[in-house]
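In what follows, a structure is listed as structure tokens, so that the remarks can point back to it.
The values are calculated or read from the model by the stated rules, or taken from the named source; none is laboratory data. Being a predicted model, the structure only gives us computed values, none of them experimental. Ideal geometry is used to build each Cβ from the backbone, glycine not excepted, and the neighbour counts take in all protein chains shown. To get the accessible areas, we keep the full protein, side chains included, count just its heavy atoms, and leave off ligands, DNA and RNA. Shrake-Rupley method; radii C 1.70, N 1.55, O 1.52, S 1.80 Å.
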There are 2 protein chains.
Amino acid sequence: MVVGILGGGQLARMLALAGHPLGIRCVVLDPADDACSAPVARHLHGAFDDRVLLDELADSVDVITYEFENVSLESLRYLSSRVPVYPPVAALEATQDRLDEKNLFRELGIETPDFLPVSSQEELESAVGRIGLPSVLKTRRMGYDGKGQIVLKEAADVAGAWEQLGGVPAILEAFVPFDREVSGIVVRSIEGEISAWSLTENIHADGILKLATSKPHDPVKPIALDFATRLLEHLDYVGVLALECFQIGDRLLANEFAPRVHNSGHWTIEGAETSQFENHLRAVAGVVPGSTEPLGHSVMLNCIGEMPPLASVMRIRGAHMHDYAKEPRSGRKVGHITVRTADADYLRQVTADLCDLQKSGCR
Amino acid sequence: MVVGILGGGQLARMLALAGHPLGIRCVVLDPADDACSAPVARHLHGAFDDRVLLDELADSVDVITYEFENVSLESLRYLSSRVPVYPPVAALEATQDRLDEKNLFRELGIETPDFLPVSSQEELESAVGRIGLPSVLKTRRMGYDGKGQIVLKEAADVAGAWEQLGGVPAILEAFVPFDREVSGIVVRSIEGEISAWSLTENIHADGILKLATSKPHDPVKPIALDFATRLLEHLDYVGVLALECFQIGDRLLANEFAPRVHNSGHWTIEGAETSQFENHLRAVAGVVPGSTEPLGHSVMLNCIGEMPPLASVMRIRGAHMHDYAKEPRSGRKVGHITVRTADADYLRQVTADLCDLQKSGCR
């Protein structure tokens, strides 16, 4: 079994690493010279819309998946005329446009923050009048890791904001004074069987995920699972899906979903019976996914910019290092560290130790 | 950090897979066209005594290790003049000759079955007179997986046995009516710190390991650890070592040791906080090894000849597949399956399910 992946970054790298023991090989298509999945997968080197490479990819694999959302729909539709593509193209399409995504949530009865489309400064001002302040103006397309958005706190912030964002189609969303951010990571098989990992609690810094902590038996997991199930069934979805939500009191509001394995699910490599990477491959390959049961408690720290020294990580009891073999660069996700433990008290203590690591490199 | 490995089979493959998340890349030297580690490591393709390749290997890596015992000492000594080689050459040397190995056990106070050297039919007959029957005649060199040995049950088996074994230097060992076979898998760091995984209980069929079961809290583990510690300290050992023993009542008799990661330790990938593969790399790379604590109970089944279908393996709750991506061939180890569980009763039941798999391919 050979799986093609559009994109050859760390998600493709971890998919490929999970594939080898299953007898599943991965072929990645990526324009980067130094795609970090290349040491563990075959690398087709070129653009995502290069028809010759797309043909070679389709000829080389049994099924195709993708590791990021900004693949062109045209390429994906072309591929799907030749070989199965999972998750379905419709899932990718919905996530490429924040307005379509929010409208889909609303259509499916999934609660979201209030939102309105904005295509001009006039529309922005009218939308602010209805939604109020503070609120967040976001581009409809191509945003990630906090890029492509402006928080509007007071009336003075509204003037010129639409131009400031680039004068592109946008969406205004109510600012949610959330208690916490959580992710529901779920998988659906070709036969329609759905499983969910433990809910993940996320802490962001500078718009980038910093810490993700597994929350076995979280009381709001059923809400996240209900939301995710609506999406999975509506889209006739196959593979792993991550749904990010804000929690206020005992309510969840869906923020966005990713039709792929997700940074907030990296802890599942050590912290669950089967990882998100293995189960995504199993789902798209038509093999029944494995148990998503947690193994104790887990916390994951993203390493941003550069990796801390291996020896300093390994002195932390229970730490598991994941170096993506990427060149250090400010703001770049270059690896992560997961600690899994049976002891919830140790988890709290070690979370502080992990944050200290950031001061010596992992920032 | 780059680690060179002499040999590019499944042990090198699993070492390389364990290395990527640590930021450790592996370079393997192997004469096979289809070395199964090649998809996850750089493959230097040629003979183990090819000086040009040995130089290239030494120039490419920070440290060198080996994945099987039948590497030439001359090659290893040549390499060790250029770059650190772990485990030490003396460990490999001792395991290449069954008589030296048994003499080392005796010298270190490690109990073994009775043994005598045999270099002729006359010496065999004299040795049988002293050790008695049944006993086992083994070549001193190049034996593995039950090859290179003859069981002598009665007087008629003795006649011509030395010629039948090839007329090569041999050793006669008392046949041990053991209760079970166990392995002690241990790791020693460059600083001399020793850790041991749970004892493993092994079941062989046709001279090849079939099932290995982790035995947390086994009462004879301290004996195995004492034996292994004597070896590790005497040899100033660095890396993982596997010591195979026979158990009779509450006694252990050492049979042989392997200066490398070992088939009976494959369950540690899922069944321990840190696997033998990761800890071997960490030890030889000079990073402190991780915890060897067990995660529940584990059983591993070797897949001999061909892999069972992925789907049939994945229907077994808790099963983790390890396909070595090798061409099927009678008697060849092509993969293994590990089940890890918190439930000892389920372990017993699933062991039967695993054995059933052999009937449909895994034989």
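How large is the helix-only mean residue ellipticity at 222 nm for the protein assembly as shown, computed as the sum of -39500 (n - 2.57) over DSSP H runs with n ≥ 4, divided by its residue count, in deg cm²/dmol to the nearest 500?
-8500 deg cm²/dmol
So which helices of chain B fit the span-like rule, where a helix is a whole DSSP H run, its Cα atoms reach 18 Å or more along the axis, and its mean Kyte-Doolittle is at least -1.0?
Counting only whole DSSP H runs, the qualifying helices are B:221-234, B:344-359.
Label-to-label distances across copies for B:D62, with labels 7 Å out along Cα→Cβ, in nm, shortest first?
Listed shortest first, these distances are 3.8 nm.
Counting only protein heavy atoms and using a 1.4 Å probe, what share of the accessible area of region B:2-85 belongs to carbon plus sulfur, as a whole percent? Could the numbers behind the result be given before it?
Numbers: 1380 of 2890 Å².
With neighbouring chains kept in place, the figure for region B:2-85 is 48 percent.
Using a label point 7 angstrom from Cα along Cα-to-C-beta, what distances in nm, from shortest up, separate A:H45 from the other copies?
1.9
Given the Cα-Cα distance of B:R180 and B:K147 and 0.36 nm per residue of separation, how much length would full extension add, in nm?
Here the answer is 9.9 nm.
Sketch the reach of a paramagnetic label on A:D55 as a point 7 Å from Cα along Cα-to-Cβ, and name the residues of region A:67-95 whose backbone nitrogen lies under 19 Å away.
Backbone N within reach: A:74-84.
Can you tell me the accessible area per residue over region A:114-174, all protein chains present, probe 1.4 angstrom, in square angstrom?
Accessible surface, normalised per residue, equals 53 Å².
Could you list the residues of region A:69-99 with an amide nitrogen less than 16 Å from a label point located 7 Å from the Cα of A:E107 in the Cα-to-C-beta direction?
So the set is A:88-99.
Give me the inter-chain shielding for A:303-311: mean count of other chain Cβ atoms within 10 Å, whole number please.
2
Between A:S119 and B:S120, what is the label-point separation in nm under the 7 Å Cα-to-beta-carbon projection?
10.3
Going by a ≥ b ≥ c, the root eigenvalues of the Cα gyration tensor, does region A:173-319 fall in the rounded group (a/c under 1.5), the prolate group (a/b larger than b/c) or the oblate group?
Oblate shape, in that a/c is at least 1.5 and b/c is the bigger or equal ratio.
Sequence neighbours fewer than 8 away in the same chain don't count; with that in mind, list the lysines whose C-alpha is under 28 Å from B:K333.
Here the lysines satisfying the reach criterion relative to B:K333 are B:K102, B:K138, B:K147, B:K210, B:K215, B:K221, B:K359.
Within 10 Å of each Cβ in peptide A:39-46, how many partner chain Cβ atoms are there on average? Round it to a whole number, please.
Details: counts 9, 6, 2, 1, 0, 0, 0, 0.
Per residue, the average neighbour count from other chains is 2.
So, for region A:308-363, what is the accessible surface per residue at a probe of 1.4 Å, expressed in square angstrom? Mind dumping the intermediate values first?
On the way: 2640 Å² over 56 residues.
Normalised by residue count, the accessible surface of region A:308-363 is 47 Å².
Could you order the peptides B:214-220, B:282-288, B:224-230 from most to least packed, using the average number of other C-beta atoms within 10 Å per residue?
B:282-288, B:224-230, B:214-220
So for the pair B:A156, A:E154, with labels modelled 7 Å out along Cα→Cβ, what separation do we get in nm?
In this crude spin-label approximation the distance works out to 10.6 nm.
Summing both sides, how much accessible area is buried between A and B? Use a 1.4 Å probe and give Å² to the nearest 100.
Counting protein atoms only, the buried area is about 2200 Å².
Where in region B:14-29 does accessible area fall by at least 50 Å² between the isolated chain and the complete protein assembly, at a 1.4 Å probe radius?
SASA drop of 50 Å² or more in region B:14-29: B:L17, B:H20, B:P21, B:L22.
What percentage of the solvent-accessible surface of region B:180-358, computed with a 1.4 Å probe over protein heavy atoms, is contributed by carbon and sulfur atoms?
Carbon and sulfur atoms account for 48 percent of the accessible area of region B:180-358.
Using a Förster distance of 35 angstrom, determine the FRET efficiency expected from the C-beta separation of B:V168 and B:D343, and round it to 0.05.
0.10
Using the basic label-point model (7 angstrom from Cα toward the beta carbon), what is the A:A205 to B:R315 distance in nanometres?
Simple spin-label model gives 4.9 nm for this pair.
I need the calculated FRET efficiency for the pair A:L73 and A:E293, taking r as the beta carbon distance and R₀ as 35 Å, to the nearest 0.05.
It comes to 0.45.
For B:V2 and B:H234, what is the calculated FRET efficiency with R₀ set at 35 Å and r taken between the beta-carbons, to the nearest 0.05?
Values: r = 30 Å, r/R0 = 0.85.
Computed FRET efficiency for B:V2 and B:H234: 0.75.
Report the antiparallel proportion of the DSSP beta bridges in chain A as a percent, rounded to a multiple of 5.
If I count the DSSP bridges inside chain A, around 80 percent turn out antiparallel.
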